[in-house]
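Right, one structure below, let's go through it.
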C-alpha cells in the first residue's frame, strides 16, 4: 500500500502532470502550506485561478450556505444562482447571453460549435474555417487542441479537427490574408498566457474586427487566463477599442471551483436551438454562488485600481533587478512575464526551496500571476527572493 500523498499519486493517478515534490494541504490569503508544514508565497494563483487568494471568507460563506440548500440542479430546471450570475456577466460585459460550462476548454468547445452553427445558419454550408494564431493556447480537448499550435500537444492525437489555419500573432497583414469568405471565426487571446505573456497590439485586434465584419466571421476572444481583472481591467478587451462577438471566461471566475462561460451576442445566441449543446453540471448552484462573490469583488473599481497599482509596482521592482539573465519584463496588470536567457525550470525548483511558487510560460519565461489581493509587502518579499535565486544562478 502507498502511504504518502506523493506515493498514492504515482500509484493511482495517470501521469500527465510534472508535479512539485510536495503536497499542498492548506491555504490562507497569499500563502499555501505543504504537508510538512512549509509555507510558500503564491505567485501562480493556481494558474490565474485564485484571484481572491486562498480560503476567502466570503466565498466560503456563499458556498456553505448554498450547498446546505441544494448542491446540484441539472439544466432541465431553472436555478436562481445561475440566472443571477448570468445577469451579472451580461451587465458587466458586451454580452447579451451566457452559455455555462465547467472549464475553459469546454467554453472554447462551445464557442467552436456556436461559430460553426452561426455560419451554417446565416450563410449556408461550407463556411467552416477557423483562424487562430501562433503562440496560442486554447485548451486540450479535441477542438480546442486543434486551435493550439503546439507540436508536442498535438502530435500524439492527430488527426485533429480540420479547417483550422494559423497566422503569426500580432501580424496584421498575415491575418488579413488569412481571413476570407470561408472563415467562420477568428480565435485570439488579447494577452497570450502560455505563449509567453504577449499582449496583442491595438491595430492587430482592430484589423481582426474589421476583417471579421467584412467576411461575416465571428471574432472570439479567449480571456480564460487574462480576464477577470487580471490585467487591471475586468476584461482584457477593455484595453482596446474592440469588442468580440464571443468571449470565453473561466479560471478565476469560480474562486477555485470549476466553471467556464461562453459570452455571446444576441446574434449568436439566436441561432442555437434546444438540444444543440449541453452539460449536466454546467452552471451548478454552488459554483455560481462562488462566482457571484468573485465577480462582484473583482469588478469593483477600487479593486481594479489596486490591481493596476500592484501591477505597476511589480513591473518596477522587477526592472530594478540587475541579473544578466533577465532579457525583458513585460505584461499588463498582474499578468507579468520575465524573459530570461536560461531555462526557468531550475529557478522554479529553487523557488520551492526559498518558499515561493512561480510558473513558466515556455522554457525561458517566468510567468507571474499572483492573487489579485497581493500587497506591496508581498511584492517586495517576492522580488527580493527572486533576486537571491538569480544571484545564486551561474552567469
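Where a number appears in this text, it was derived from the coordinates with a stated rule and is not lab data. Values in this document were obtained by computation on a predicted structure and should not be read as measured data. Here the Cβ positions follow ideal geometry from the backbone for every residue, glycine too, while neighbour counts run over all protein chains shown.
Note on residue 75 and residue 17: the extension gain reaches 17.7 nm, defined as 0.36 nm multiplied by sequence separation minus the Cα-Cα distance.
Just subtract the alpha-carbon distance of residue 157 and residue 363 from 0.36 nm times their residue separation and send over the number in nm, one decimal.
71.9 nm
Given Cα pairs under 8 Å that are at least 6 residues apart, what percent is the relative contact order of the stretch 1-64? Present the calculation step by step, with values, prior to reporting the outcome.
On the way: 51 pairs, mean separation 14.3, N = 64.
Relative contact order here is 22 percent.
With N the number of residues in the stretch 113-239, Rg(Cα) / (2.2 N^0.38 Å) evaluates to 1.02. Computed across the stretch 245-331, the Kirkwood radius stands at 16.5 Å (inverse of mean 1/r, all Cα pairs). Relative to the current alpha-carbon distance between residue 308 and residue 176, full extension at 0.36 nm per residue lengthens the span by 44.2 nm.
With the cut-off at 27 Å, report for the stretch 213-369 the share of all Cα pairs above it, as a whole percent. Walk me through the numbers on the way to the answer.
Working: 4740 of 12246 pairs.
Result: 39 percent of Cα pairs exceed 27 Å.
In this simple spin-label approximation, residue 28 and residue 353 carry label points 7 Å from Cα along the Cα→Cβ vector, and these lie 2.8 nm apart.
Could you calculate the FRET efficiency of residue 316 with residue 273 from 1/(1 + (r/R0)^6), where r is the beta carbon distance between them and R0 is 41 Å, rounded to 0.05? Intermediate results must be reported in sequence, preceding the final value.
Details: r = 52 Å, r/R0 = 1.27.
Given R0 = 41 Å and the Cβ-Cβ separation, E is 0.20.
If you average over every viewing direction, what projected area does the convex hull of the Cα atoms of the stretch 1-156 give, in nm²?
Numbers: hull surface 57.9 nm².
Average projection, Cα convex hull of the stretch 1-156: 14.5 nm².
Between residue 327 and residue 122, the modelled labels are 4.0 nm apart [label points 7 Å from Cα along Cα→Cβ].
Principal axis extents of the C-alpha atoms in the stretch 1-44 (largest first, rounded to whole Å): 33, 21, 13.
Taken over the chain, the ratio of Cα radius of gyration to 2.2 N^0.38 Å equals 0.99. Report the residues of the stretch 191-208 in range of a label on residue 393: point 7 Å along Cα→C-beta, backbone N strictly under 20 Å from it. So the set is 193-198.
Based on the alpha-carbon set only, what is the convex hull volume of the stretch 278-395 divided per residue, in Å³?
Values: hull volume 16.7 nm³, N = 118.
Roughly 141 Å³ of hull volume per residue.
Sorted on the mean count of surrounding Cβ atoms within 10 Å across their residues, most packed first, peptides 20-33, 250-263, 177-190, 111-124 read 250-263, 177-190, 111-124, 20-33. Size of the stretch 12-74 from its Cα atoms: along the principal axes, largest to smallest, the extents are 39, 29, 23 Å.
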